[in-house]
Structures are given as C-alpha cells and as structure tokens.
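Accompanying notes for the structure given below.
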Amino acid sequence: MIKQPRRHQAELLVIGSGLAGMAASLFALERGVEVALVGNTGVIAFTTGYLDLLGYDGRGFVDEPWRALIRLREDEPRHPLANVAEDDIRAAFTSFTHTLTEMGLGYTAPGQHNVLALTPAGTLKPTLSLPFTMQPAIAAMARGLDTLVVDFIGLNGFSARELVANLAPRWPGLRARRIGFPDMDSGAEVYAEVLARALEVPATRQRLAERIGPLLGSAQALGLPAILGVHRPDQVHRELQSLLGVPVFEIPTMPPAVPGVRLRELFETQLPQRGVALEPQHRVKRLELLSQGVTAQLEDAYGEVTIEAAAAVLATGRFTSGGLSASPNGIRETLANLAVLQPEGRTAWYRSDYFDPRGHAINRSGVTVDEQWRPLDAAGKLAHPRLFAAGSLLAHQDWIRQRCGAGVAIATAYKAVECAARTVRDRRDRVPARRRFP
Amino acid sequence: MFETEALIIGGGVTGTGVMRDLALRGIHCVLIDRRDLNAGASGGNHGLLHSGGRYAVGDPDTAAECRREGDILKAVAPECIDACGGLFVAVQGDDPEYAARFLEHCRSAGIECTAITPAEARELEPCLSEKLFAAYTVPDATIDPFRITLENVNHAQQLTQSIFLAHTELERFIVDGGTIRSAVCRDTRTGETTTIHARQVVNAAGAWAMRVARLAGCSGVNLLYSKGTLIISNARIGQRVINRLRRPGDGDILVPGGTVSLLGTTSQTVQNLDDIHPTVAEVDDLVAEGIAMVPQVAHTRFIRAFSGVRPLLMAAGADADGRKASRGFSLFDHESEGLANFATVAGGKLTTFRLMAEKTGDLVARRLGNSQPCRTETTPLPSGDAVRWTEPGFAPRYWVARRQPGDLILCECEMVPASAIDSIVENAPGAQLQVSLNAIAVRSRVGKGTCQGAFCSLRVTSHLYDRQVYDSPVGLRHTRDFVAQRFKGVAPVAWGEHLPQLELAEALHCGLLGLDRLADDGGQFPPTAVQDP
C-alpha cells in the first residue's frame, strides 16, 4: 500500500469522540458549521446508556436536577454546569436526546425529576434520560409489578439473583430465572454484544420468546440484560414485547456493554451521513495552534492526515480516554500541554476512604476556561483564541460522584460550539469558502 | 459453645503453626482470630524465607536460627517455597568495610555464602545497578505465607478435627483459682457471644499479643510496634532475592513473589495498631532507595502498597528503634503471674515460626500431660485441594488443563475460574462458615492482579449470589468493603497507567453501581423518591 499524506479542511475541528465530542459535532451541524471529528471511540462503549444531568450534589441525592442547578450556582460557582444558563442546558439536552431518537436510538425527553434507573447489581441510579428499552423498569418498579428477571448461562458478571436480592426490600414482586440463550447454551462464556446482534434476527427473537414465555407465570413484566439488538434496539424491543405480551425492559450490564456500543455505532454511521467528516479510530498526534487557525496531525492506515480548521473544540476527556495523564509529580493535559488545575502534590489526590461521598480531589482537577469556554494558562490568561474545551476534561466538576457526566458533556459542548461558531464565522467573513471536506 | 484441649488466639503463621504442632501430637485445638487468617503481620510481609544473611552482621543468633529453620521448611513444605536464592550487593556510597565483613559473619553463622564479582552478579541479575562494587550469593528463598497458614489449619483439621473460627474476637477470660476456665468471644459480624472452654490457652496474637495478655491480667509482655511498608511491582523484576549489603534500612530488599516482586521495607515505630495503611511518602522513599540497587524501579509500574506491623519484643530499657530491636522470640509461661494454663509466644519472624510453634507446643503438651514429641521438623505438610489457590500461576494452569468451557474466568488478571471459588467456598479452612469476598481473596489470587479487585470483585460477587451464598444486600456491602480496603493500597502508587484504570473503576463502583451511596440498612433512597413517569 502506498501511503500518501492527505490534507483536509473544515471550519471546526472537534477532538475527542466521547459524548462531549459527539454532542459538539451535532451542535456544530445544527449551527451550519462544517465540522470534522477525530478521536478514538474506545471509551464510549463504557457508558451505561443512561444520560445523567445531576444526580447528587453537596447536599446529597438530587430529586429535581433543575432546581439543584440553581443551588449549584451558589454552592459551586466554578462548576461547569453552574456556568451554563438553564435554558441553554435544557435546549442542549433536549436537542441531544431528540436527535438520538431521530437517528434510531430512542431516548426519553428530560423531565423535571430524576428517575431511579436499575443497575446490574440491583442498586438504583438517579438519571434524567434513559433509552426507551430501559424505561418500562421505572413504572414496573413504581407499581411493584410481579416481574421476572431472566439472565443467561455463560453471561459472566450479570446475575439476576444478585439484582433480585438487592432490590427485594423495595420490590418484593421480583424473581430471577437463568436460561440458555438459543444456540448459545453450551455453558461456554457468551458475550452481551454477540447476544444483541443475534437478537436482530427475527427467528432468534421468536425462539427466545418461546423459551421465556412459559416461565412468565404471573409475571406482569420482564427484565433482561441489555442485549436487545445493537442497531435497531427499539424495534427488537417492540417485537419482543408483542411476542411475550408483557412490558419488557433492559438492565445495563457491566461496561463495556451494549448500550455504549449502540451509541458508538450510531454515531459512526449517522454522523458522516449528516455531513460530519469523521476519523473515529485515530488519536490526534500533534496539534498546532496558529494565529489563523489550528492544524491537527494524525496517522491512519493510508498514511498521514492533516486537518486544518479555523477553530478546535478539545473534548479529549480525562485519564481513561487519555486527555489527562499523571506522573508521580503531577497531572498534565496530553495534547496541547494546557495548564491543569490540580491539588498540591500526590498526597492530596485521594482521600483515605475510597467511598467518601465527597469524592477525591484529583477528580476535580482539569482544564479551566474563560467565559467563552477557552482554556486558560497557569497565569489565568487565554491559552489560544481559537481553542475551546468541553466535557469531563474541565476542572471543578466530579462527573462520577455527582452523576453529571452526560450533563457536563452535552451542556459544555453546546456552549463551546456556540462560542467557536462565532470565531469560525468571523473568519468566514474574511476568507472565501473552501472546498468541502470529502 | 466449644470444648477443646487448647484454645489458640491469633490466626497468623505462629498461631496456625502451634495448631498444627499440637494436632500432630494428637491434641484438639480451637483457633480464633478476630478477623481472618493472615490478617496481621503474616499477611503483610515480604514472604522472605531468610537465609540469615540479613542478620549475620548484627544479630548472629537470629541469623543461625534463620538458616536452620529455612533448611527445615525447604524440606517439609517445598510446595510453599520458591528456593530462588539470594544476592547481597553493595553499590557506590555503601560502606565497603561492612561489605567486606559480610562473608566472615555468614560463615560463623553457618550460612553458605560465596563472593562473586559485580560482573557475575549482573549476569545473574541483569536488573542490578552498574554501580555495584561487591556481591555475595546466599541461599535466600521465598515462602507463600498465605499458603503456609492455610496448610497448617487444613492439616490440623484433618488430624484432630481441630476448628478455626474467623471473625471471633476474645472479649474476656473467665479465671478461677489461677486457671483460665473459658474464653468469652464475640462474633464480630453478628455480635453473638460464644464461650470456649479450654484446658490450655495460647496467645499467638502477634502485634495484639500484649492486649490479649492484659485481658488475662498479665503485664509482662511488652512489644514495640514497628510499621513496615512494601510495594508490589506489576511483573517480576529479579529471579532472586536481592538484598542491599548495608545496615538494614528502607528500600533495601527486592523479593520475587511468583509473578511479581516486592520492594521493602520501611520501618516506623507506631503506637496505634488500628488503621495501618501505606502512605505516599513511604512509597516515594522506597522507590528512591530501590533505584540505587535496581535502577529500573524508577520506571516500574507498582500495583499496590501494603503495610504490616512487626511485633518486636522490647527488653527492659531498650531504645525504641524498630530496626535495632531483637528479631528473636520469647515464650512466656505466665506462671510467675499466677496462671497455670496460659502461654504467650511473641516476637520472632516468619522464617522461625515453626520453631516458635515447637517451643510453645512442648510447653502446652507437657501441661496437658501429653508426652508426644514435636513432629513438625520431619513431617511434610500435606497439600490440600482447597488451599492451592494462593500460588501465582496455579489457577491458569489448572484451568487450561481442565478444559471446561463452562468454568468461567471470574478474575481476569490472575485467571481465577469459578470452580476455584467453588472449591474455596466448599472446603478452604475458615471459609465454609462465613464466606466473604475478603475471605476468598485471602485464600486465592482474587484481587491480587493489576486491577486489584476493582473488576473481578464484582464478577465474584455475582457468582456468589448465583450460588446463593448471598441472598440479601449483605453481599454487595462485602464487595464495597473489600474494594475500599484494596484502595488503601492502590492510592499511594496511583500514577501513570493506574489512573485510567482507577478512574474507570470509580465510574463503575460509584457512577454506575452507587456503592458510595449504599446505606448500611440496604436502602439507598427514601421510597418517596421513586417516580412513576
């Protein structure tokens, strides 16, 4: 294969293909900005499928996240969510869930209250929006319906018995059964993603329904691990419900899991169709910040790729996705060497109690930004006028403990793109339109 | 209520050693520990079976004792021992005179020691520093302290139906006419009280021996608590035990432990035995010192730090320095304190536990009128099926050889299959009565790999629910407590490749499962918080 260097141009470059990067690309499209998205999508498979806005704050469990956001502006004024107007968060969240639904992955519209969603261990997680395939669990639990939870021989790490044992005090009508999945019941390990792809075949759904039907008894609802298809989960879900005649709901399995794979595959197929130039499997190796724009370099199987853009949104995430890295001496941002706000020394990174509800200081480290969502240097000055940042890379939030990951990703992507679009338009007024990215 | 000939307090290597020693003389024992096997210093050490070299210069009696005991253990418990050999090396900056005296001190303690050139040493262990100027080989070895205690208990159970009770804390003794009649104990999990009637009582509580002695009204046992911290590398660094040839100090021993290596040890006198855990400063100190001997330590991934407390015997008027205190042991018969059936064995080392058990066994047997001699010097330890899982690499070999596709791997780092967990739950000493994730971890490699239990703990928990070992929210709380405990050892070595994993684990434990919000009553939220959309 002859490797050939290529150059592409776009108005906005989004770096990072987690929720924040994906959301930023969609918001850029909505604003009519030509956008290129680069970054490795590995980590999105670890999302649960639930979209949280704010589940816990300094005062504990959050029932009404919109009201809690008003308090957050007082309690944590530097929190990224405290720096986005409520209307903007609503617009962003609603637009995002609406677009997912339109693209074929149905999500409930954000309501006024958090809902308590099921976890594989039978605990409950406050979240704001959930996939249609998981929604019936909420009503079934609230009404205390007699419900059967089925798990599968060989599906490691998902135990219906565990779920039932932990939920029983709150949901006495719950019971567990283990069965073999059609054609995959030898006892050997089976994988959720493989089961999900198998259920896209109508005959497999039929055979699964034939195995489950006789077990339902008095059950008024059925819970399954999240295996109802990868590409058309809503259809698989509807058809299984009509085959069985009871509401069916999915329960997330341990990540990486099907709900995350659905998001990844949805973005990878739908974003290019909507006009996003996508380089999903490659990390940016080098980012140059120039006075007229930004240049990113990466390498794929066909050689070196250079992308030029008028502005960039950095949405590279934290440690797991490689946006931040830590040595014994400190934490750094890996791509643009941005200043990272961080605790003084390693001793202060973690509390001695892992589960201390206040969380660990290291998780509030990150990049700080100005009111235009542009990173600041250690002295508090603008790092570069054409560089913007969004998502969990930002300082002053603890997305894990506050259950605000999707909220931070979506709301800050919305704002960063809004500000970046202004920069792009300024240049568009001065520079003639360029050839569209193929 | 239990009736026994000998009650032994403390499930470390000494207490279990006494248990086996007595059982080999036909004596029935009940062993109790307020936590579990190896919960103290027996689970917080290098696993080094000393040749005696380390003490040759400063403490020749201990050195000779280590040599003799090391030879015995290599013969009777070869499955618990890796006779990997050891090196003593001096690097630039170390005292050349100390190094020069080493050979002669080893010889007078009877330790087989050979001088080799720095080049020969670096050929044996390429990880060694180029700044080496002296090197000696000695017959150091490593011992699996978990395996040895499990084997001891297992054997004692077989011999005399002796009993081990975990989570059983001594509350008080009932003494009558200079004799302990019984011990009142509390189950630390359920709060229930049990009385154990025993003819003889042995205090082998390690660092807690002073507290136990005081419960019997004896004040003659005085211990110095010396905290030691070690760090574990992701992969084995050297083939042999590598000792720094200088007066013992921090970061001067690198000991292989199967697939990993352990670098230690710090020494700090502490007053309080509760909440002993490693610190960032100790880890930085160990790494800085370790680099001088083995430069690659600077770039090594460490997966965990841990701390133990050395219970050192304090002679009257001795200065309070853990490194200078004696590594020898003492057996107290407490007769001068008016008790006829109480004994305390304290101090000592992992390497000399058998000898400590022998001396204690002699006293207890004589008091019971039992004339059987000690047999531990020559009787091989049998290898029990349910106690093999602590050996690194055993589980994957077993799994591959067994070829059962339905036997799912629950711990991916150490390749521990479901059948190993089943075997422990069914048959491992002390696990049958009250299984917990922690009990399984003590008896296997679960939680000892690079993920440090973050992911495998959840799969093992699910498996235990599937087996109906758990049928309530208690199982999840055990998981939470286990993960929180492992974290104390991970946090001080958390940098580099650890961070992505730690962040992912926290997202799973807290973000998804909500273990940070798990109330001890099993409920997470008020019922009114449930919304019907």
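Taking all Cα pairs closer than 8 Å and separated by 6 or more residues, the relative contact order of chain A comes to 24 percent. Just checking the listed ones, A:I307, A:I251, A:I212: in the Gaussian network model of chain A with Cα springs under 10 Å, the one fluctuating most is A:I212. Amide H to amide H distances under 5 Å link A:A117 with A:K125, A:T127, where only residues 5 or more positions off or on other chains count and H is placed in the peptide plane. Name the most mobile residue of A:Y191, A:Y107, A:Y302, meaning the one with the largest mean-square fluctuation, in a Gaussian network model of chain A with Cα contacts below 10 Å. With Cα springs under 10 Å in chain A, the top fluctuation among A:Y191, A:Y107, A:Y302 is at A:Y302. Here the Karplus curve 6.51 cos²θ - 1.76 cosθ + 1.60, taken at θ = phi - 60°, turns the phi angles of region B:459-476 into couplings of 5, 5, 4, 4, 4, 5, 5, 4, 7, 6, 5, 10, 9, 8, x, 4, x, 5 Hz, with x standing for Gly and Pro.
Multiplying the residue separation of B:A75 and B:I116 by 0.36 nm and subtracting their alpha-carbon distance yields 12.1 nm. Summarising the amide proton neighbourhood of A:D57: residues at separation of 5 or more, or on other chains, whose placed amide H is nearer than 5 Å comprise A:V62. Across the protein assembly as shown, Cα-Cα pairs more than 55 Å apart make up 23 percent of the total. Distant-in-sequence amide contacts of A:D300, defined by a placed amide H-H separation under 5 Å and a gap of 5 or more residues or a different chain, comprise A:V305.
Highest mean packing comes first when the peptides B:273-285, A:11-23 are listed by Cβ atoms within 10 Å, giving A:11-23, B:273-285.
With R₀ fixed at 22 Å, the C-beta to C-beta distance from A:A348 to A:S327 puts the FRET efficiency at about 0.90.
Between B:P256, B:T461, B:G58, the Cα set farthest toward the positive side of the dipole of chain B (charges on each charged residue's Cβ, about the Cα centre) is that of B:G58.
Taking a Cβ cut-off of under 13 Å around B:A205, the surrounding Lys, Arg, Asp and Glu residues balance to a net charge of +2, with basic ones at +1 and acidic ones at -1.
Taking 28 Å as the limit for the C-alpha separation, the pairs A:K285/A:K415; B:K74/B:K448; B:K349/B:K448; B:K227/B:K448; B:K131/B:K227 exceed it in the case of B:K131/B:K227.
Per residue of A:165-178, how many C-beta atoms from partner chains lie within 10 Å of its own C-beta, taken as a mean?
Working: counts 10, 12, 1, 4, 6, 6, 1, 0, 0, 0, 0, 2, 0, 1.
For peptide A:165-178, the averaged partner shielding equals 3.
Take every Cα pair under 8 Å whose residues are at least 6 apart in sequence, average their separation, divide by the length of region B:385-517, and the relative contact order is 20 percent. For region B:385-517, the convex hull spanned by the alpha carbon atoms encloses 112 Å³ per residue. Look at the alpha carbon pairs under 8 Å that are at least 6 residues apart: their mean separation over the length of region A:135-251 gives a relative contact order of 31 percent. Rounded to 0.05, the FRET efficiency of the A:D356 and A:L290 pair, given R0 = 35 Å and the Cβ-Cβ distance, is 0.20.
Expressed in Å, the radius of gyration and Dmax of the Cα atoms of region B:106-210 are 24.0, 67. Only Lys, Arg, Asp and Glu carry charge here, each on its Cβ (+1 for the first two, -1 for the last two); on that basis chain B has a dipole of about 560 debye about its Cα centre. Between A:E200 and A:D426, the contour length at 0.36 nm per residue exceeds the alpha carbon distance by 76.6 nm.
For A:360-366, what's the mean count of beta carbons from other chains sitting within 10 Å of each residue's beta carbon? The partial results should precede the final answer.
Working: counts 5, 0, 6, 4, 0, 0, 0.
Mean inter-chain Cβ contacts per residue within 10 Å come to 2.
Taking Cα centre as origin and charging only the Cβ of basic (Lys, Arg, +1) and acidic (Asp, Glu, -1) residues, the dipole magnitude of the protein assembly as shown rounds to 1120 debye. Karplus-derived 3J(HN,Hα) values for region B:411-421, using 6.51 cos²θ - 1.76 cosθ + 1.60 with θ = phi - 60°, are 10, 6, 4, 10, 6, 8, x, 4, 5, 5, 4 Hz; glycine and proline are entered as x.
Counted over chain A with a bin width of 10 Å, the fraction of Cα pairs per bin, in whole percents, is 4, 21, 29, 24, 15, 6, 1, 0.
Computed across chain B, the Kirkwood radius stands at 24.1 Å (inverse of mean 1/r, all Cα pairs).
Computed from phi, the 3J(HN,Hα) profile of region B:68-76 under the Karplus parametrisation 6.51, -1.76, 1.60 (θ = phi - 60°) reads 5, 5, x, 5, 5, 5, 4, 7, 9 Hz, with x in place of Gly and Pro.
Taken over the Cα atoms of region A:135-251, the convex hull encloses 88 Å³ per residue. Placing a pseudo-label 7 Å from each Cα along the Cα-to-Cβ vector at A:E265 and A:Q372 gives an inter-label distance of 4.2 nm. Between the residues B:P396, B:A386, B:L476, the greatest Cα displacement towards the positive end of the dipole of region B:385-517, with unit charges on the Cβ of Lys, Arg, Asp and Glu, is found for B:A386. Averaging 1/r over each pair of different alpha-carbon atoms in region A:72-139 and inverting the result gives 13.6 Å, the Kirkwood hydrodynamic radius. Given the options A:P247, A:P357, A:P375, state which has the largest fluctuation in a GNM of chain A using a 10 Å cut-off (strictly under) for Cα springs. Top of the fluctuation ranking is A:P357.
Bridge orientation summary for chain B: considering DSSP beta bridges with both residues in this region, about 70 percent are antiparallel. Place a point 7 Å from the Cα of B:R181 along the Cα-to-Cβ direction; which residues of region B:330-369 have their backbone N under 18 Å from it? From region B:330-369, the list is B:339-342. Using +1 at the Cβ of each Lys and Arg and -1 at the Cβ of each Asp and Glu in chain B, identify which of B:A420, B:I231, B:P278 lies farthest towards the dipole's positive end. So the residue we want is B:A420. In units of the rule-of-thumb radius 2.2 N^0.38 Å, region B:33-162 shows an alpha carbon radius of gyration of 1.25.
Values quoted throughout were computed directly from the atomic coordinates according to the rules given, and no laboratory measurement underlies them. For clarity, every value in this text was computed on a predicted model and none was experimentally measured. Note that each Cβ is placed from the backbone with ideal geometry, even for glycine, and that neighbours are counted across all protein chains shown.
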